[in-house]
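The block underneath contains the structure these notes are about, expressed in structure tokens.
Rule-based calculations on the coordinates, nothing more; no lab input. Given the structure is predicted, the values throughout are model-derived calculations rather than measurements. Cβ coordinates were reconstructed from backbone atoms using ideal geometry, including for glycine residues, and neighbour counts include every protein chain displayed.
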Amino acid sequence: MTDSKTEFEMRLRQSAAETEVMLSSLLSDTCLGDEIARPPHLMAAMRHGSLNGGKRLRPFLLREAAALLGGSSQAALRAGVALECLHCYSLIHDDLPAMDDDDLRRGQPTVHKAFDEATAILAGDSLLTYAFDIIAAPETELADRLKMELVLSLARAAGPGGMAGGQALDLAAEKSPPDEAGIVILQTMKTGALLRFACEAGAIVAGSPSADRERLRLFGQKIGLAYQLADDLLDLTSDAATLGKAAGKDAARGKGTLVGMHGMDWAEKRLDALTEEAVELLAPYGEKALILQETARFIASRDN
């Protein structure tokens with residue numbers, strides 16, 4: 001009998017591979033209806049910024065949340081790929097010299113290094129726009145009402161009151177470090193918003209009642225906070241070879257973090273508490289929730 005951790009690892013790998021295959025297909029040079037042309041240089045940059053491995057954690061969360069609640073696996077896959085396009089756009093733009101100024105991403109040159117800054121901006125713009133295209137397209141077999149809910153929820157998670165706003169706060173934090181409440185808001189927006197969306201979107205795909213949607217949303221919020229705490233710990237304890245990107249940059253820039261404010265012991269205990277809170281939230285679903293519960297534990301204990 002396969003234990004839940006082994007099953008989780010197997011499903012995470014399988015989901016990542018399936019996400020990669022669909023991403024690759026959608027990012028071909030072949031035009032869709034009403035498109036005029038796909039410039040090869042731009043498409044190559046989009047592929048460089050998105051087809052570079054990675055755990056594909058956000059699509060995985062969306063798909064597993066949908067599966068938990070009986071949603072369409074194909075619709076969840078497409079919604080997950082849309083979310084990954086948006087996530088990859090954010091990474092391409094975050095790596096730019098005007099933002100976090102990174103040369104490496106997943107062990108490879110960032111898009112502006114492999115191409116140029118203008119192409120990186122356009123590749124990010126295109127992936128952001130394409131995310132909503134993928135959800136709205138007829139190939140995503142969902143009721144129009146559910147598509148509308150997905151689009152609205154993703155826009156709110158990614159826009160000025162979510163991820164993009166969080167990046168703005170993050171840049172401002174380099175000049176004026178926030179207090180603890182400010183750090184939590186920043187991290188909840190920049191990192192947590194898309195993880196929260198991933199879990200809630202699974203419930204949307206499944207057309208689930210508001211109680212299920214709220215439970216999955218809260219689960220997403222908990223693991224979002226845990227993800228950022230784990231990231232901050234890794235930034236202090238890991239190296240670039242393990243992370244696939246520069247380590248120690250937050251400390252070097254003087255950015256305030258909860259780890260820096262309270263210390264590593266506090267952060268590790270808080271991480272454990274958040275993980276258990278997330279796991280407990282899904283207890284009413286019984287064994288059907290084992291994979292998502294294992295995902296929460298993985299987020300807290302990962303090494304990159």
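Assorted remarks:
- His262, His93 arranged by Cβ crowding within 10 Å, fewest neighbours leading: His262, His93
- Using the Cβ-Cβ distance between Ile36 and Met99 with R0 set to 25 Å, the FRET efficiency works out to roughly 0.25.
- Ordered by the number of other Cβ atoms lying within 10 Å of each residue's own Cβ, fewest first, Asp95, Asp303 fall into the sequence Asp303, Asp95.
- Met10-Asp125 pseudo-label distance in nm [points 7 Å out on the Cα-to-Cβ vector]: 4.6
- Under-5 Å amide H pairs with Arg105, H placed in peptide plane, nonlocal only: Thr110
- Order of Val21, Val259, Val151 - criterion: other Cβ atoms within 10 Å of each residue's Cβ, fewest first: Val21, Val151, Val259
- Among Gly286, Gly202, Gly192, the largest mean-square fluctuation in a Gaussian network model of the chain, built with springs joining Cα atoms closer than 10 Å, belongs to Gly286.
- Computed extension gain for Lys288 through Trp266, at 0.36 nm per residue and net of the alpha carbon distance, reaches 4.7 nm.
- A full extension of the chain between Ser24 and Val151 corresponds to an added length of 43.5 nm, given 0.36 nm per residue minus the alpha carbon distance.
- Converting the Cα gyration tensor eigenvalues of the range 133-192 into ellipsoid dimensions via √(5λ) gives semi-axes, longest first, of 33, 10, 7 Å.
- Entries in Lys222/Lys288; Lys113/Lys147; Lys190/Lys222 that, when Cα-Cα distance is taken, lie over 24 Å: Lys113/Lys147
- Overall, the chain carries a charge dipole of about 320 debye about its Cα centre when +1 sits on the Cβ of Lys and Arg and -1 on the Cβ of Asp and Glu, all other atoms neutral.
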